[in-house]
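Colleague: Shown below is the structure under consideration.
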Amino acid sequence: MSTSAAELALLERKTDKDLYSYQKGAIDKIFKSFEEKPDDYHLLYQLPTGGGKTVIFSEIVRQYLKHHNKQVLVMTHRIELCKQTASMLTEFGVRNKIVSSKANLDDQKEYACFVAMVETLNNRLKEDKLDISDVGLVIIDEAHYNSFTKLFKFFSESFILGVTATPLSSNVELPMKDNYDELIVGESIPDLIDNGFLSKAETHSYNVGLTTLVVGSNGDYTVQSSDDLYSGADMLSRLLQAYEERSKGKKTLIFNNGISTSLHVYDTFRREGYPVMHLDNTASKNQRKAILKWFKETPDAILTSVSILTTGFDEPTVESIILNRATRSLTLYYQMIGRGSRVLPNKNTFTVIDLGNNFHRFGPWGEDLDWQRIFKSPSFYMDHLIDDEEIESNFRYEMPDELRKKFSNSEEVYFNINKAYVDSVKNGESTKVILERSIEQHAKICIENSEDVFDALTLAKDLGDDIDHRIEKYTKCISKSTHNFVSWLKNDYRLKLRSYLRENFDSIFEDIHGYPPED
(Lines give C-alpha, C1' and ligand atoms only; values in the text may rest on other atoms or scores of the structure.)
Protein backbone atom coordinates (compact mmCIF):
# COMPACT_ATOMS: atom_id res chain seq x y z
CA MET A 1 0.00 0.00 0.00
CA SER A 2 1.23 3.53 -0.76
CA THR A 3 0.84 6.21 1.90
CA SER A 4 -2.18 8.36 1.07
CA ALA A 5 -2.12 12.15 0.79
CA ALA A 6 -4.21 12.40 3.97
CA GLU A 7 -1.79 10.19 5.87
CA LEU A 8 1.21 12.13 4.58
CA ALA A 9 -0.43 15.30 5.87
CA LEU A 10 -0.92 13.59 9.23
CA LEU A 11 2.73 12.52 9.27
CA GLU A 12 3.80 16.11 8.59
CA ARG A 13 1.84 17.34 11.59
CA LYS A 14 4.01 18.28 14.58
CA THR A 15 3.34 16.13 17.63
CA ASP A 16 3.35 17.37 21.20
CA LYS A 17 6.33 15.09 21.86
CA ASP A 18 9.53 17.14 21.90
CA LEU A 19 12.53 14.93 21.27
CA TYR A 20 15.63 15.34 23.40
CA SER A 21 19.02 15.81 21.76
CA TYR A 22 20.17 12.24 22.53
CA GLN A 23 16.96 10.87 21.01
CA LYS A 24 17.48 12.92 17.84
CA GLY A 25 21.08 11.69 17.72
CA ALA A 26 19.93 8.06 17.94
CA ILE A 27 17.40 8.58 15.15
CA ASP A 28 20.08 10.12 12.91
CA LYS A 29 22.39 7.12 13.49
CA ILE A 30 19.60 4.63 12.75
CA PHE A 31 18.55 6.41 9.53
CA LYS A 32 22.18 6.50 8.46
CA SER A 33 22.09 2.69 8.63
CA PHE A 34 18.91 2.67 6.55
CA GLU A 35 20.78 4.60 3.87
CA GLU A 36 24.14 2.81 3.99
CA LYS A 37 23.33 -0.80 4.85
CA PRO A 38 21.53 -3.49 2.80
CA ASP A 39 17.72 -3.65 2.85
CA ASP A 40 17.85 -6.85 4.93
CA TYR A 41 20.24 -5.47 7.59
CA HIS A 42 19.57 -6.32 11.26
CA LEU A 43 20.33 -3.42 13.61
CA LEU A 44 20.05 -3.44 17.42
CA TYR A 45 19.61 -0.25 19.46
CA GLN A 46 20.16 -0.11 23.23
CA LEU A 47 18.70 2.53 25.55
CA PRO A 48 17.96 2.25 29.30
CA THR A 49 14.44 1.84 30.63
CA GLY A 50 12.94 5.30 30.92
CA GLY A 51 15.07 6.74 28.12
CA GLY A 52 12.16 6.82 25.67
CA LYS A 53 12.67 3.88 23.31
CA THR A 54 9.01 3.94 22.22
CA VAL A 55 9.22 7.68 21.48
CA ILE A 56 12.33 7.09 19.37
CA PHE A 57 10.98 4.27 17.26
CA SER A 58 7.60 6.00 16.86
CA GLU A 59 9.41 8.99 15.33
CA ILE A 60 11.42 6.56 13.19
CA VAL A 61 8.17 5.03 11.89
CA ARG A 62 6.76 8.50 11.16
CA GLN A 63 9.83 9.55 9.19
CA TYR A 64 10.18 6.19 7.44
CA LEU A 65 6.59 6.22 6.15
CA LYS A 66 7.01 9.81 5.06
CA HIS A 67 10.02 9.01 2.86
CA HIS A 68 9.56 5.34 1.88
CA ASN A 69 6.76 3.73 -0.07
CA LYS A 70 6.81 0.65 2.19
CA GLN A 71 4.92 -0.70 5.20
CA VAL A 72 6.14 -0.96 8.81
CA LEU A 73 5.48 -3.72 11.34
CA VAL A 74 6.12 -3.26 15.07
CA MET A 75 6.35 -6.42 17.19
CA THR A 76 5.94 -6.68 20.97
CA HIS A 77 5.72 -9.64 23.32
CA ARG A 78 2.84 -8.52 25.57
CA ILE A 79 -0.60 -7.09 25.01
CA GLU A 80 0.06 -4.10 27.31
CA LEU A 81 3.10 -3.11 25.23
CA CYS A 82 1.10 -3.64 22.06
CA LYS A 83 -1.58 -1.16 23.14
CA GLN A 84 0.93 1.35 24.49
CA THR A 85 2.90 1.23 21.24
CA ALA A 86 -0.23 1.69 19.11
CA SER A 87 -1.25 4.67 21.24
CA MET A 88 2.20 6.29 20.98
CA LEU A 89 2.29 5.81 17.20
CA THR A 90 -1.10 7.51 16.96
CA GLU A 91 0.28 10.47 18.94
CA PHE A 92 3.00 10.74 16.30
CA GLY A 93 0.43 10.89 13.54
CA VAL A 94 0.97 7.28 12.45
CA ARG A 95 -2.32 5.56 11.64
CA ASN A 96 -1.84 1.92 12.67
CA LYS A 97 -3.72 -1.33 13.07
CA ILE A 98 -3.30 -3.82 15.92
CA VAL A 99 -3.09 -7.36 14.58
CA SER A 100 -4.85 -9.14 17.45
CA SER A 101 -6.30 -12.67 17.41
CA LYS A 102 -9.78 -11.20 16.93
CA ALA A 103 -8.88 -8.37 14.54
CA ASN A 104 -10.64 -8.20 11.19
CA LEU A 105 -7.88 -7.92 8.62
CA ASP A 106 -10.12 -7.33 5.62
CA ASP A 107 -9.10 -3.65 5.69
CA GLN A 108 -5.35 -4.27 5.99
CA LYS A 109 -4.65 -2.62 2.64
CA GLU A 110 -5.76 0.68 4.17
CA TYR A 111 -2.86 0.69 6.65
CA ALA A 112 0.86 1.30 6.29
CA CYS A 113 1.73 0.38 9.89
CA PHE A 114 0.83 -2.71 11.92
CA VAL A 115 1.41 -3.51 15.59
CA ALA A 116 1.32 -7.13 16.72
CA MET A 117 2.19 -9.48 19.54
CA VAL A 118 4.72 -12.06 18.48
CA GLU A 119 2.60 -15.21 19.06
CA THR A 120 -0.52 -13.71 17.48
CA LEU A 121 1.46 -12.56 14.47
CA ASN A 122 3.02 -16.00 14.10
CA ASN A 123 -0.45 -17.57 14.01
CA ARG A 124 -1.85 -15.01 11.54
CA LEU A 125 1.11 -15.52 9.23
CA LYS A 126 0.73 -19.32 9.36
CA GLU A 127 -2.95 -18.85 8.52
CA ASP A 128 -1.90 -16.56 5.64
CA LYS A 129 -4.23 -13.86 7.00
CA LEU A 130 -1.74 -10.97 6.81
CA ASP A 131 0.05 -9.79 3.68
CA ILE A 132 3.61 -8.79 4.62
CA SER A 133 5.06 -8.70 1.13
CA ASP A 134 5.39 -4.90 1.26
CA VAL A 135 6.90 -4.58 4.76
CA GLY A 136 10.19 -2.73 4.48
CA LEU A 137 10.87 -2.08 8.18
CA VAL A 138 10.29 -4.39 11.15
CA ILE A 139 10.74 -2.95 14.67
CA ILE A 140 11.06 -5.35 17.59
CA ASP A 141 10.45 -3.99 21.09
CA GLU A 142 12.17 -5.76 24.03
CA ALA A 143 14.33 -7.50 21.43
CA HIS A 144 16.29 -9.53 24.00
CA TYR A 145 13.41 -12.03 24.17
CA ASN A 146 14.10 -15.03 21.91
CA SER A 147 10.47 -15.57 20.92
CA PHE A 148 10.91 -13.06 18.07
CA THR A 149 13.63 -14.92 16.22
CA LYS A 150 11.26 -17.59 14.87
CA LEU A 151 9.57 -14.86 12.79
CA PHE A 152 12.73 -13.58 11.14
CA LYS A 153 12.27 -16.08 8.32
CA PHE A 154 9.14 -14.22 7.21
CA PHE A 155 11.09 -10.96 6.82
CA SER A 156 14.20 -12.06 4.94
CA GLU A 157 14.08 -8.93 2.74
CA SER A 158 13.15 -6.39 5.44
CA PHE A 159 15.32 -4.06 7.52
CA ILE A 160 14.97 -5.24 11.15
CA LEU A 161 15.47 -2.81 14.05
CA GLY A 162 15.55 -4.36 17.51
CA VAL A 163 15.32 -2.11 20.57
CA THR A 164 16.18 -3.12 24.14
CA ALA A 165 17.52 -1.78 27.42
CA THR A 166 19.81 -4.80 27.78
CA PRO A 167 21.34 -6.35 24.63
CA LEU A 168 21.86 -9.71 26.33
CA SER A 169 19.71 -12.62 25.17
CA SER A 170 17.28 -14.22 27.62
CA ASN A 171 18.92 -17.50 26.57
CA VAL A 172 22.72 -17.56 26.61
CA GLU A 173 22.60 -20.42 24.08
CA LEU A 174 20.98 -18.03 21.55
CA PRO A 175 23.18 -14.91 21.61
CA MET A 176 21.83 -11.72 20.04
CA LYS A 177 24.97 -11.33 17.92
CA ASP A 178 23.74 -14.33 15.90
CA ASN A 179 20.59 -12.43 14.89
CA TYR A 180 21.81 -8.81 14.68
CA ASP A 181 24.62 -7.41 12.55
CA GLU A 182 25.39 -4.37 14.68
CA LEU A 183 24.65 -2.73 18.03
CA ILE A 184 24.18 1.02 18.52
CA VAL A 185 24.56 1.97 22.20
CA GLY A 186 22.43 4.89 23.36
CA GLU A 187 22.73 7.27 26.29
CA SER A 188 24.01 5.63 29.50
CA ILE A 189 22.11 5.54 32.78
CA PRO A 190 24.69 7.82 34.52
CA ASP A 191 24.29 10.41 31.74
CA LEU A 192 20.49 10.20 31.88
CA ILE A 193 20.62 10.69 35.66
CA ASP A 194 23.08 13.60 35.43
CA ASN A 195 20.87 15.35 32.88
CA GLY A 196 17.69 14.85 34.91
CA PHE A 197 16.02 12.25 32.69
CA LEU A 198 16.16 9.41 35.25
CA SER A 199 16.09 9.22 39.05
CA LYS A 200 19.12 7.98 40.96
CA ALA A 201 18.89 4.65 42.79
CA GLU A 202 19.91 4.63 46.46
CA THR A 203 20.60 0.94 47.04
CA HIS A 204 20.62 -0.92 50.35
CA SER A 205 21.83 -4.50 50.01
CA TYR A 206 21.11 -7.04 52.75
CA ASN A 207 23.29 -10.13 52.73
CA VAL A 208 21.28 -13.30 52.12
CA GLY A 209 22.43 -16.93 52.13
CA LEU A 210 21.44 -18.35 48.74
CA THR A 211 23.22 -21.70 48.71
CA THR A 212 19.87 -23.56 48.92
CA LEU A 213 18.72 -22.06 45.61
CA VAL A 214 18.70 -24.29 42.52
CA VAL A 215 19.53 -23.06 39.01
CA GLY A 216 17.02 -24.30 36.44
CA SER A 217 17.36 -25.13 32.75
CA ASN A 218 16.73 -21.49 31.79
CA GLY A 219 19.85 -20.42 33.70
CA ASP A 220 17.98 -18.67 36.51
CA TYR A 221 16.91 -19.80 39.97
CA THR A 222 13.88 -22.09 40.06
CA VAL A 223 10.58 -20.86 41.44
CA GLN A 224 10.31 -23.81 43.82
CA SER A 225 13.71 -23.29 45.47
CA SER A 226 13.04 -19.54 45.66
CA ASP A 227 9.64 -20.12 47.29
CA ASP A 228 11.23 -22.48 49.82
CA LEU A 229 13.72 -19.80 50.86
CA TYR A 230 11.70 -16.60 50.61
CA SER A 231 8.48 -17.98 52.12
CA GLY A 232 10.32 -18.89 55.33
CA ALA A 233 9.75 -16.95 58.53
CA ASP A 234 13.35 -15.67 58.62
CA MET A 235 13.22 -14.11 55.16
CA LEU A 236 9.74 -12.66 55.65
CA SER A 237 10.91 -11.09 58.90
CA ARG A 238 14.01 -9.71 57.19
CA LEU A 239 11.87 -8.26 54.38
CA LEU A 240 9.55 -6.54 56.83
CA GLN A 241 12.51 -5.19 58.81
CA ALA A 242 14.21 -3.88 55.66
CA TYR A 243 10.99 -2.17 54.54
CA GLU A 244 10.52 -0.52 57.94
CA GLU A 245 14.16 0.63 57.99
CA ARG A 246 14.34 2.02 54.45
CA SER A 247 10.95 2.32 52.76
CA LYS A 248 8.22 2.82 55.33
CA GLY A 249 5.62 5.27 54.04
CA LYS A 250 6.97 5.15 50.47
CA LYS A 251 5.04 3.78 47.50
CA THR A 252 6.73 0.40 47.17
CA LEU A 253 6.89 -2.29 44.51
CA ILE A 254 8.06 -5.74 45.69
CA PHE A 255 9.31 -8.29 43.13
CA ASN A 256 9.18 -12.02 43.99
CA ASN A 257 10.06 -15.17 42.06
CA GLY A 258 6.98 -17.21 42.99
CA ILE A 259 3.28 -16.69 43.62
CA SER A 260 3.51 -18.54 46.93
CA THR A 261 6.18 -16.11 48.16
CA SER A 262 4.18 -13.08 47.03
CA LEU A 263 1.09 -14.30 48.88
CA HIS A 264 3.16 -14.84 52.04
CA VAL A 265 4.52 -11.30 51.64
CA TYR A 266 0.98 -9.98 51.25
CA ASP A 267 -0.15 -11.75 54.44
CA THR A 268 2.92 -10.51 56.37
CA PHE A 269 2.36 -6.84 55.52
CA ARG A 270 -1.43 -7.05 55.91
CA ARG A 271 -1.05 -8.45 59.46
CA GLU A 272 1.13 -5.44 60.31
CA GLY A 273 -1.61 -3.10 59.08
CA TYR A 274 0.17 -1.82 55.98
CA PRO A 275 -1.79 -0.97 52.77
CA VAL A 276 -0.80 -3.88 50.52
CA MET A 277 -2.10 -5.76 47.46
CA HIS A 278 -0.86 -8.82 45.56
CA LEU A 279 -0.76 -9.17 41.75
CA ASP A 280 0.26 -12.05 39.52
CA ASN A 281 -0.55 -13.27 36.01
CA THR A 282 -3.63 -15.22 37.16
CA ALA A 283 -5.50 -11.97 37.86
CA SER A 284 -8.30 -11.08 35.45
CA LYS A 285 -8.09 -7.97 33.31
CA ASN A 286 -10.54 -6.14 35.60
CA GLN A 287 -8.73 -7.25 38.77
CA ARG A 288 -5.41 -6.07 37.39
CA LYS A 289 -6.91 -2.74 36.35
CA ALA A 290 -8.48 -2.20 39.80
CA ILE A 291 -5.27 -3.12 41.67
CA LEU A 292 -3.10 -0.82 39.54
CA LYS A 293 -5.62 2.01 39.97
CA TRP A 294 -5.47 1.51 43.76
CA PHE A 295 -1.67 1.45 43.62
CA LYS A 296 -1.54 4.67 41.61
CA GLU A 297 -3.94 6.53 43.91
CA THR A 298 -2.61 5.32 47.31
CA PRO A 299 0.47 7.35 48.40
CA ASP A 300 2.01 4.69 50.70
CA ALA A 301 0.77 1.64 48.77
CA ILE A 302 2.73 -1.63 48.74
CA LEU A 303 2.28 -3.89 45.71
CA THR A 304 3.80 -7.37 45.89
CA SER A 305 4.03 -9.03 42.49
CA VAL A 306 5.48 -11.85 40.39
CA SER A 307 7.17 -11.03 37.05
CA ILE A 308 4.12 -9.33 35.57
CA LEU A 309 5.26 -5.74 36.21
CA THR A 310 8.82 -5.97 34.86
CA THR A 311 7.77 -4.66 31.41
CA GLY A 312 4.80 -2.74 30.07
CA PHE A 313 4.20 -1.04 33.41
CA ASP A 314 4.93 2.61 34.00
CA GLU A 315 4.08 4.26 37.33
CA PRO A 316 6.34 7.29 37.95
CA THR A 317 5.14 7.70 41.55
CA VAL A 318 6.95 4.51 42.67
CA GLU A 319 9.47 5.57 45.33
CA SER A 320 10.87 2.22 46.44
CA ILE A 321 11.76 -1.07 44.73
CA ILE A 322 12.34 -4.23 46.78
CA LEU A 323 14.04 -7.18 45.09
CA ASN A 324 12.69 -9.96 47.28
CA ARG A 325 14.34 -12.52 45.05
CA ALA A 326 17.65 -13.45 43.51
CA THR A 327 18.17 -13.57 39.76
CA ARG A 328 21.02 -14.49 37.44
CA SER A 329 19.46 -12.40 34.65
CA LEU A 330 21.11 -9.02 34.12
CA THR A 331 18.09 -8.00 32.01
CA LEU A 332 15.62 -8.79 34.77
CA TYR A 333 17.79 -6.97 37.33
CA TYR A 334 17.71 -3.82 35.22
CA GLN A 335 14.01 -4.16 34.39
CA MET A 336 12.95 -4.50 38.03
CA ILE A 337 14.97 -1.54 39.29
CA GLY A 338 14.02 0.52 36.24
CA ARG A 339 10.38 0.55 37.41
CA GLY A 340 11.37 3.13 40.01
CA SER A 341 13.59 5.31 37.84
CA ARG A 342 10.98 7.68 36.37
CA VAL A 343 11.48 11.32 37.35
CA LEU A 344 8.87 13.69 38.74
CA PRO A 345 9.17 17.36 39.76
CA ASN A 346 9.60 16.27 43.40
CA LYS A 347 11.41 12.97 42.75
CA ASN A 348 15.00 12.62 41.57
CA THR A 349 15.99 9.63 43.74
CA PHE A 350 14.36 6.34 44.66
CA THR A 351 15.13 3.55 47.12
CA VAL A 352 16.22 0.04 46.16
CA ILE A 353 16.31 -2.76 48.73
CA ASP A 354 18.17 -5.85 47.51
CA LEU A 355 17.41 -9.13 49.30
CA GLY A 356 18.96 -11.41 46.69
CA ASN A 357 22.66 -10.43 46.56
CA ASN A 358 21.91 -9.03 43.09
CA PHE A 359 23.94 -5.90 43.81
CA HIS A 360 26.99 -8.06 44.55
CA ARG A 361 26.36 -10.18 41.44
CA PHE A 362 25.82 -7.44 38.84
CA GLY A 363 27.15 -4.27 40.43
CA PRO A 364 25.21 -1.04 40.97
CA TRP A 365 22.23 -0.28 38.74
CA GLY A 366 23.42 2.56 36.56
CA GLU A 367 26.98 1.29 36.31
CA ASP A 368 28.23 2.22 32.85
CA LEU A 369 28.43 -1.30 31.39
CA ASP A 370 30.37 -2.17 28.24
CA TRP A 371 27.33 -3.20 26.20
CA GLN A 372 29.36 -3.72 23.01
CA ARG A 373 31.51 -6.31 24.76
CA ILE A 374 28.48 -8.00 26.34
CA PHE A 375 26.76 -8.09 22.92
CA LYS A 376 29.80 -9.60 21.20
CA SER A 377 30.84 -11.98 24.02
CA PRO A 378 27.78 -12.81 26.16
CA SER A 379 29.21 -16.16 27.30
CA PHE A 380 32.35 -14.47 28.57
CA TYR A 381 30.22 -12.05 30.60
CA MET A 382 27.99 -14.79 32.04
CA ASP A 383 30.91 -17.08 32.84
CA HIS A 384 32.56 -14.33 34.89
CA LEU A 385 29.58 -13.55 37.10
CA ILE A 386 30.48 -14.11 40.75
CA ASP A 387 28.81 -17.26 42.06
CA ASP A 388 26.78 -17.33 45.27
CA GLU A 389 29.39 -19.13 47.31
CA GLU A 390 32.03 -16.53 46.48
CA ILE A 391 29.60 -13.69 47.19
CA GLU A 392 28.74 -15.14 50.58
CA SER A 393 32.38 -15.75 51.45
CA ASN A 394 32.91 -11.98 51.24
CA PHE A 395 29.90 -11.07 53.39
CA ARG A 396 30.57 -8.81 56.33
CA TYR A 397 27.85 -8.67 58.94
CA GLU A 398 26.50 -5.15 59.43
CA MET A 399 24.29 -4.42 62.41
CA PRO A 400 20.91 -2.90 61.53
CA ASP A 401 20.78 0.80 62.43
CA GLU A 402 18.39 0.33 65.36
CA LEU A 403 20.56 -2.39 66.90
CA ARG A 404 23.76 -0.42 66.30
CA LYS A 405 22.33 2.41 68.44
CA LYS A 406 22.22 0.00 71.40
CA PHE A 407 25.99 -0.46 71.00
CA SER A 408 26.75 3.24 70.49
CA ASN A 409 29.53 3.22 73.14
CA SER A 410 31.54 0.76 71.03
CA GLU A 411 33.72 2.16 68.24
CA GLU A 412 33.86 -1.20 66.42
CA VAL A 413 31.43 -4.12 66.65
CA TYR A 414 32.77 -6.22 63.76
CA PHE A 415 34.90 -9.33 64.29
CA ASN A 416 36.70 -10.81 61.28
CA ILE A 417 36.38 -14.60 61.57
CA ASN A 418 38.39 -15.23 58.38
CA LYS A 419 41.34 -13.18 59.64
CA ALA A 420 41.15 -14.85 63.07
CA TYR A 421 41.27 -18.25 61.34
CA VAL A 422 44.32 -17.32 59.24
CA ASP A 423 46.09 -15.95 62.35
CA SER A 424 45.36 -19.12 64.36
CA VAL A 425 46.77 -21.33 61.58
CA LYS A 426 49.90 -19.18 61.29
CA ASN A 427 50.45 -19.37 65.08
CA GLY A 428 49.86 -23.13 65.19
CA GLU A 429 46.85 -22.72 67.48
CA SER A 430 43.72 -24.80 67.71
CA THR A 431 40.85 -23.32 65.69
CA LYS A 432 38.77 -23.36 68.88
CA VAL A 433 40.53 -20.14 69.93
CA ILE A 434 38.67 -18.32 67.11
CA LEU A 435 35.30 -18.76 68.84
CA GLU A 436 36.83 -18.03 72.24
CA ARG A 437 38.13 -14.68 70.95
CA SER A 438 34.83 -13.98 69.25
CA ILE A 439 32.96 -14.57 72.53
CA GLU A 440 35.39 -12.26 74.33
CA GLN A 441 34.77 -9.51 71.76
CA HIS A 442 30.98 -9.97 71.93
CA ALA A 443 31.13 -9.83 75.72
CA LYS A 444 33.24 -6.65 75.62
CA ILE A 445 30.78 -4.72 73.41
CA CYS A 446 27.87 -5.90 75.56
CA ILE A 447 29.60 -4.69 78.75
CA GLU A 448 30.67 -1.39 77.12
CA ASN A 449 27.00 -0.56 76.65
CA SER A 450 25.59 -1.86 79.96
CA GLU A 451 25.30 -0.69 83.56
CA ASP A 452 24.97 -4.17 85.05
CA VAL A 453 25.19 -7.82 84.08
CA PHE A 454 21.46 -8.01 83.40
CA ASP A 455 21.76 -5.26 80.76
CA ALA A 456 24.66 -7.13 79.19
CA LEU A 457 22.73 -10.43 79.05
CA THR A 458 19.82 -8.64 77.39
CA LEU A 459 22.13 -7.15 74.76
CA ALA A 460 23.65 -10.58 74.12
CA LYS A 461 20.21 -11.87 73.09
CA ASP A 462 20.09 -9.16 70.40
CA LEU A 463 23.26 -10.51 68.80
CA GLY A 464 21.59 -13.60 67.31
CA ASP A 465 22.11 -12.69 63.63
CA ASP A 466 25.73 -11.73 64.23
CA ILE A 467 26.37 -14.96 66.14
CA ASP A 468 24.81 -17.04 63.35
CA HIS A 469 26.90 -15.20 60.75
CA ARG A 470 30.12 -15.82 62.69
CA ILE A 471 29.35 -19.51 63.18
CA GLU A 472 28.59 -19.97 59.48
CA LYS A 473 31.87 -18.25 58.57
CA TYR A 474 33.74 -20.40 61.09
CA THR A 475 32.30 -23.71 59.88
CA LYS A 476 33.25 -22.84 56.30
CA CYS A 477 36.80 -22.09 57.44
CA ILE A 478 37.12 -25.48 59.11
CA SER A 479 35.17 -27.24 56.29
CA LYS A 480 32.72 -28.82 58.69
CA SER A 481 29.20 -27.63 58.09
CA THR A 482 26.62 -30.38 58.59
CA HIS A 483 23.26 -28.96 59.65
CA ASN A 484 23.31 -30.66 63.09
CA PHE A 485 26.85 -29.50 63.83
CA VAL A 486 26.14 -25.89 62.86
CA SER A 487 22.92 -25.83 64.93
CA TRP A 488 24.72 -27.29 67.95
CA LEU A 489 27.57 -24.79 67.61
CA LYS A 490 25.20 -21.80 67.43
CA ASN A 491 23.44 -22.94 70.60
CA ASP A 492 26.71 -23.72 72.38
CA TYR A 493 28.10 -20.27 71.50
CA ARG A 494 25.10 -18.54 73.06
CA LEU A 495 25.43 -20.58 76.26
CA LYS A 496 29.16 -19.83 76.54
CA LEU A 497 28.62 -16.10 75.88
CA ARG A 498 26.04 -15.84 78.68
CA SER A 499 28.30 -17.81 81.04
CA TYR A 500 31.31 -15.63 80.15
CA LEU A 501 29.32 -12.45 80.86
CA ARG A 502 28.19 -13.68 84.29
CA GLU A 503 31.74 -14.71 85.28
CA ASN A 504 33.65 -11.72 83.91
CA PHE A 505 31.29 -8.73 83.92
CA ASP A 506 32.74 -7.00 86.98
CA SER A 507 36.42 -7.28 85.96
CA ILE A 508 35.83 -6.22 82.34
CA PHE A 509 33.58 -3.33 83.43
CA GLU A 510 36.32 -2.05 85.76
CA ASP A 511 38.97 -2.39 83.01
CA ILE A 512 36.79 -0.29 80.68
CA HIS A 513 35.65 2.41 83.09
CA GLY A 514 38.38 2.44 85.74
CA TYR A 515 35.89 1.80 88.53
CA PRO A 516 33.74 -1.20 89.57
CA PRO A 517 30.04 -1.42 88.67
CA GLU A 518 27.56 -0.23 91.25
CA ASP A 519 25.93 -2.95 93.34
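The values are calculated or read from the model by the stated rules, or taken from the named source; none is laboratory data. Because the structure is predicted, anything quoted here is derived from the model rather than measured. Glycine also receives a Cβ, built like all others from the backbone with ideal geometry; neighbour counts cover every protein chain displayed.
Colleague: For a quick check of your reading of the model, give me the residue pairs whose first member lies in the range 415-437 and is closer than 14 Å to Ile467 by Cα, whose second is among the charged types (D, E, K, R) and surrounded by 14 or more Cβ atoms within 10 Å (Cβ to Cβ), with beta-carbon atoms closer than 7 Å and at least 6 apart or on different chains.
Modeller: Phe415/Arg470; Ile417/Arg470; Ile417/Lys473
Colleague: When you go through (1) within 23 Å of Tyr334 (Cα to Cα); (2) buried (at least 19 other Cβ atoms within 10 Å of the Cβ); (3) among the β-branched types (Val, Ile, Thr) one by one for Val276, which number turns out not to apply?
Modeller: Result: Val276 fails condition (1) only.
Colleague: Within the range 23-62, can you find the residues that are part of a strand (DSSP E or B) and either buried (at least 21 other Cβ atoms within 10 Å of the Cβ) or at pLDDT below 90 (or both)?
Modeller: His42, Leu44, Tyr45, Gln46
Colleague: Going through the range 194-221 one residue at a time, which ones are closer than 11 Å to Arg328 by Cβ and in contact with a strand residue (DSSP E or B) (Cβ under 9 Å, 6 or more places away or on another chain)?
Modeller: Step one: of the range 194-221, the residues closer than 11 Å to Arg328 by Cβ are 210, 213, 215-216, 218-221.
Passing the criteria: Leu210, Leu213, Val215, Tyr221.
Colleague: One residue is enough: does the range 76-95 have a residue meeting the conditions within 22 Å of Gln23 (Cβ to Cβ), within 30 Å of the chain's Cα centre (by Cα) and in a strand (DSSP E or B)?
Modeller: Within the range 76-95 (the criterion being within 22 Å of Gln23 (Cβ to Cβ), within 30 Å of the chain's Cα centre (by Cα) and in a strand (DSSP E or B)), the answer is yes, since at least one residue qualifies.
Colleague: Test of understanding: among Ala86, Ala143, which residue is small (Gly, Ala, Ser) and more than 22 Å from Pro38 (Cα to Cα)?
Modeller: Numbers: Ala143 fails: more than 22 Å from Pro38 (Cα to Cα).
Selected residue: Ala86, the only one of Ala86, Ala143 that is small (Gly, Ala, Ser) and more than 22 Å from Pro38 (Cα to Cα).
Colleague: Within the range 295-312, can you find the residues that are surrounded by fewer than 17 Cβ atoms within 10 Å (Cβ to Cβ) and either under 21 Å from Lys83 (Cα atoms) or among the β-branched types (Val, Ile, Thr) (or both)? I'd like the intermediate steps shown before the answer.
Modeller: Filtering the range 295-312 down to residues surrounded by fewer than 17 Cβ atoms within 10 Å (Cβ to Cβ) leaves 296-300.
If the condition is that a residue be surrounded by fewer than 17 Cβ atoms within 10 Å (Cβ to Cβ) and either under 21 Å from Lys83 (Cα atoms) or among the β-branched types (Val, Ile, Thr) (or both), then Lys296, Thr298 are the ones that fit.
Colleague: Looking at the range 442-459, I want the residues that are over 15 Å from Lys405 (Cβ atoms) and have a partner that is part of a helix (DSSP H, G or I) and polar (S, T, N, Q) with Cβ atoms under 7 Å, at least 6 apart or on another chain. Which pairs are those?
Modeller: From residues that are over 15 Å from Lys405 (Cβ atoms), the pairs are Ala443/Asn504.
Colleague: Can you find a residue in the range 371-391 that is surrounded by 13 or more Cβ atoms within 10 Å (Cβ to Cβ), polar (S, T, N, Q) and over 30 Å from Tyr515 (Cα atoms)?
Modeller: Yes; the residues of the range 371-391 include at least one that is surrounded by 13 or more Cβ atoms within 10 Å (Cβ to Cβ), polar (S, T, N, Q) and over 30 Å from Tyr515 (Cα atoms).
Colleague: What are the pairs with Cβ atoms under 9 angstrom where one residue, in the range 252-275, is within 19 Å of Ser225 (Cα to Cα) and part of a strand (DSSP E or B) and the other, located anywhere, is modelled with pLDDT of 95 or more and basic (Lys, Arg)? Sequence gap at least six, or different chains.
Modeller: Phe255/Arg325; Asn256/Arg325
Colleague: Continuing with the same structure: Would you be able to say whether some residue in the range 490-510 is of a type in the set (A, V, I, L, M), buried (at least 18 other Cβ atoms within 10 Å of the Cβ) and either under 32 Å from the mean Cα position of the chain (by Cα) or closer than 19 Å to Arg396 by Cα (or both)?
Modeller: Within the range 490-510, the first condition is being of a type in the set (A, V, I, L, M), and the residues that meet it are 495, 497, 501, 508.
Imposing the further condition that a residue be buried (at least 18 other Cβ atoms within 10 Å of the Cβ) reduces the set to 497, 501, 508.
From the residues that got through so far, the ones that are either under 32 Å from the mean Cα position of the chain (by Cα) or closer than 19 Å to Arg396 by Cα (or both) too are none.
No: zero hits.
Colleague: Next question. Can you report the number of residues in the range 87-142 which are among the small types (Gly, Ala, Ser), surrounded by 19 or more Cβ atoms within 10 Å (Cβ to Cβ) and without any contact (Cβ under 8 Å) to a residue 60 or more places away in the chain?
Modeller: The qualifying residues number 1.
Colleague: Are there any pairs, at least 6 apart or on different chains, whose C-beta atoms fall under 8 Å, with the first in the range 370-399 and farther than 21 Å from Val214 by Cβ and the second of a type in the set (Gly, Ala, Ser), and if so, which?
Modeller: Filtered contacts from the range 370-399: Pro378/Ser169.
Colleague: Can you tell me how many residues within the range 314-354 are among the aliphatic types (A, V, I, L, M) and surrounded by fewer than 18 Cβ atoms within 10 Å (Cβ to Cβ)?
Modeller: So the first thing to find is which residues in the range 314-354 are among the aliphatic types (A, V, I, L, M), and the list is 318, 321-323, 326, 330, 332, 336-337, 343-344, 352-353.
Checking the rest, the ones that are also surrounded by fewer than 18 Cβ atoms within 10 Å (Cβ to Cβ) come to 344.
So the answer is 1.
Colleague: Under 7 Å between Cβ atoms, at least 6 apart or on separate chains: pull out the pairs that start in the range 73-85 with a residue that is within 18 Å of Gln108 (Cβ to Cβ) and touching a residue at least 12 places away in the same chain (Cβ under 8 Å) and end on any residue that is surrounded by 20 or more Cβ atoms within 10 Å (Cβ to Cβ) and among the aromatic types (Phe, Trp, Tyr).
Modeller: So the pair list comes out as Leu73/Phe114; Met75/Phe148.
Colleague: Here's a check for you: in the range 206-234, which residue that is modelled with pLDDT of 90 or more and either hydroxyl-bearing (Ser, Thr, Tyr) or not assigned by TED's automatic domain parsing to the domain that holds Arg342 (or both) is nearest to Ser169 (Cα to Cα)?
Modeller: Tyr221
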